[in-house]
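Novice: Please read through the structure below; I'll follow up with questions.
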């Protein structure tokens, strides 16, 4: 789920109260609290709600969850961010302005300027720079990027990419990069709105795959974020359509073929995506196979919400009715904004869905 971005002047005392509230919610067996703990506390990554509620959960556990939910690895790091902020802690400014290493920042400036000769010379002057990383905290991704990852403009820093960005990327690739950086850059390029809007997304995908990036590493993320051109480009480069991707794209025959051998995690994500994109037939098949419509979506699938939240927001009335008729809870609130599916329908402007959900909830 998205991190809870800290305000410009965060209060450590207020965050301490949040940790205590989380402990109370966990003790009260609130499923929203369990979802937060499952996603952000490393000890509970794959635990069921019941296991979370029954396990010891101390104040230190709650503080760790709050810190990681804000994009920091520990409570100590969150505390330092508030009490002794540095340039890198200026969360409201673009990432390139938060880089403290002047050599690395100069390289990013050259990327943004599309200065191929300048970047070549800079990399020669500083061997190994292309393998270095910078640390950013306070976000839910782009936390430890290498130089190559800045070519995707994801997260958005300047809102545009130079027309020669593929050539710029090739300069960094020629200098030699690690496989994780290749794959992560592919994910950023395939899921970024700026590469798509600038018309360079397919070309970047081709270049990165030519240099060894794994097309499968980016396929699910592109499908979740509905980057359809990127999905097709990745499939052309050999990415394999699995159950969640088939669900997201509404490929019923492929879905039917894959469903019998799919694991629980894939089925869980498939339900989230089928509901999000309005594929009622696939939602029905998953419910018939025993999927629980009340589980919060998994990590990577808008995990702050349920399938019903996503269907209501997107205006998929058939899916909304199907989930409600199959017993989906109408009173579950999302984790971030504490809204019910009816609230999400209202926010999305779908008054007919909102009215239906409120009427159904009144019957209960």
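Bear in mind that the values in this text are calculations on the coordinates, not laboratory data. This structure is a prediction, so every number in the text was calculated from the model and none was measured. Here the Cβ is made from the backbone with ideal geometry for all residues, glycine too, and neighbour counts use every protein chain on show.
Novice: So how compact is segment 208-307: Cα radius of gyration and Dmax in angstrom?
Specialist: Values for segment 208-307 (Cα only, Rg and Dmax): 13.2, 43 Å.
Novice: I need to check one value: relative contact order of segment 1-111, counting alpha carbon pairs closer than 8 Å and at least 6 residues apart, in percent. The partial results should precede the final answer.
Specialist: Details: 92 pairs, mean separation 28.6, N = 111.
Reported as a whole number, the value is 26 percent.
Novice: Using mean Cβ contacts within 10 Å as the protection proxy, how do 298-304, 182-188, 132-138, 338-344 order, highest first? Can you show the working numbers first?
Specialist: Details: 298-304: 19.4, 182-188: 24.0, 132-138: 17.4, 338-344: 21.1.
Per-residue mean Cβ counts within 10 Å order the peptides as 182-188, 338-344, 298-304, 132-138.
Novice: Quick one: plug the Kirkwood hydrodynamic radius of the chain (C-alpha pairs) into Stokes-Einstein at 37 °C, 0.692 mPa s, and report D in µm²/s.
Specialist: Values: Rh = 22.2 Å.
Result for D is 148 µm²/s.
Novice: Turning to a different aspect of this structure: Before anything else, pin down the relative contact order of segment 213-310: Cα pairs under 8 Å, at least 6 apart, normalised by residue count, whole percent.
Specialist: Relative contact order for segment 213-310 comes out at 23 percent.
Novice: Can you sort 347, 296 by how many other beta carbons sit within 10 Å, fewest first?
Specialist: Values: 347 13, 296 27.
In order of increasing Cβ crowding within 10 Å: 347, 296.
Novice: Show that you can apply the helix-only estimate: for the chain, add -39,500 (n - 2.57) for every DSSP H stretch of four or more residues, divide by all residues, and state [θ] at 222 nm to the nearest 500. Let's see the in-between values first.
Specialist: On the way: 21 runs with 205 residues, N = 364.
That calculation yields -16500 deg cm²/dmol at 222 nm.
Novice: For the chain, set up a GNM with springs between Cα atoms under 10 Å and report which of 154, 144, 216 has the largest fluctuation.
Specialist: Maximum among the listed residues: 144.
Novice: If you don't mind, another one. Rank 295, 12, 287 by mean-square fluctuation in a GNM of the chain with C-alpha springs under 10 angstrom and give only the top-ranked residue.
Specialist: Greatest mean-square fluctuation among the candidates belongs to 12.
Novice: Could you list, bin by bin from short to long, the percent of Cα-Cα pairs of segment 12-85 in 5 Å steps?
Specialist: Per 5 Å bin, starting at zero, the Cα-Cα P(r) for segment 12-85 comes out as 3, 18, 30, 25, 13, 7, 3, 1 percent.
Novice: Compute the Cα gyration tensor for segment 136-226, then decide on rounded, prolate or oblate, letting a ≥ b ≥ c be the square roots of its eigenvalues: rounded whenever a/c is under 1.5, prolate when a/b is larger than b/c in the other cases, and oblate in all that remain. Before the final figure, lay out the partial values.
Specialist: Working: a/c = 1.15, a/b = 1.10, b/c = 1.05.
Judged from the Cα gyration tensor, segment 136-226 comes out rounded (a/c under 1.5).
Novice: A further question follows. So, by mean Cβ neighbours within 10 angstrom, what's the order for 267-273, 64-70, 118-124 with the highest one leading? Before the final figure, lay out the partial values.
Specialist: Details: 267-273: 26.1, 64-70: 23.4, 118-124: 16.6.
So the peptides 267-273, 64-70, 118-124, ranked by packing, come out 267-273, 64-70, 118-124.
Novice: Sticking with this one: Could you check the spin-label model distance between residue 264 and residue 54? Points 7 Å from the Cα along Cα→Cβ, value in nm.
Specialist: Taking the two extended label points, one gets 1.3 nm.
Novice: How high is the relative contact order of the chain? Use alpha-carbon pairs under 8 Å, at least six apart in sequence, and give a whole percent.
Specialist: Details: 540 pairs, mean separation 38.8, N = 364.
Relative contact order of the chain: 11 percent.
Novice: Rounded, prolate or oblate for segment 244-363? Axes are the square roots of the Cα gyration tensor eigenvalues, ordered a ≥ b ≥ c, and the cut-off for rounded is a/c under 1.5. Don't skip to the answer; put the middle values down first.
Specialist: On the way: a/c = 1.91, a/b = 1.68, b/c = 1.13.
Prolate.
Novice: Further question: How would you order 96-107, 166-177 from highest to lowest mean count of nearby Cβ atoms within 10 Å?
Specialist: Details: 96-107: 15.6, 166-177: 18.2.
Ranking, from highest mean packing down: 166-177, 96-107.
Novice: I want to check the label-to-label distance for residue 101 and residue 132. Put each point 7 Å from Cα in the C-beta direction and report it in nm to one decimal.
Specialist: 0.4
Novice: Which of these, 160, 84, 24, has the largest mean-square fluctuation under a Gaussian network model of the chain (Cα springs below 10 Å)?
Specialist: Maximum among the listed residues: 84.
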